[in-house]
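K.L.:
Encoded as structure tokens, here's the structure I'll be asking about.
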Amino acid sequence: MEGKYGYINKEGKVIIAFKYEYASSFKNGLAWVSSHYVNGYGYVRAWIDKQGNYVYKEHKFVTTEN
């Protein structure tokens, strides 16, 4: 997926899908990732493990209403 980040193994096989706008390197078995919602009105930031499971997940909603 163009412009997205994910994770591959040493053989080049996709281990965690390319679906993040930001993805850090793994440290102590965890990586920090973020992803925008499809509608553009929020995002998710999370720590994931090496299988792509969320260890900690934070949602942020943004609205255009005042």
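K.L.:
Sort the following peptides by mean Cβ neighbour count (other Cβ atoms within 10 Å, averaged over residues), highest first: 9-16, 24-31.
P.N.:
Packing proxy ranking, top to bottom: 24-31, 9-16.
K.L.:
Something else now. Evaluated at 37 °C with a viscosity of 0.692 mPa s, what Stokes-Einstein diffusion coefficient in µm²/s does region 5-61 have when Rh comes from the Kirkwood expression over alpha-carbon pairs?
P.N.:
Numbers: Rh = 11.7 Å.
Stokes-Einstein gives a translational diffusion coefficient of 281 µm²/s.
K.L.:
Can you tell me what share of the DSSP beta bridges in region 5-61 is antiparallel? A percent to the nearest 5 is fine.
P.N.:
Details: 20 of 20 bridges.
If I count the DSSP bridges inside region 5-61, around 100 percent turn out antiparallel.
K.L.:
For Y22 and Q51 in the same chain, what is the full-extension length gain: residue separation times 0.36 nm, less their Cα-Cα distance, in nm?
P.N.:
On the way: separation 29, 0.36 × 29 = 10.44 nm, distance 1.69 nm.
Here the segment from Y22 to Q51 would lengthen by 8.7 nm.
K.L.:
For region 54-59, take each phi angle, set θ = phi - 60°, evaluate the Karplus expression 6.51 cos²θ - 1.76 cosθ + 1.60, and give the result in whole Hz per residue in order, putting x for glycine and proline.
P.N.:
Taking θ as phi minus 60°, the curve returns 6, 9, 9, 9, 10, 9 Hz for region 54-59.
K.L.:
Output wanted: per-residue J couplings in Hz (rounded whole) for region 43-50, from phi through Karplus 6.51 cos²θ - 1.76 cosθ + 1.60, θ = phi - 60°, x for Gly and Pro.
P.N.:
Running phi through 6.51 cos²θ - 1.76 cosθ + 1.60 with θ = phi - 60° gives 7, 10, 10, 7, 9, 10, 8, 6 Hz.
Just so you know, all these numbers are worked out from the coordinates, no wet-lab data involved. This is a predicted model, so every value here is computed, not measured. Counting neighbours? That spans all protein chains shown, and the Cβs are built from the backbone with ideal geometry, glycine included.
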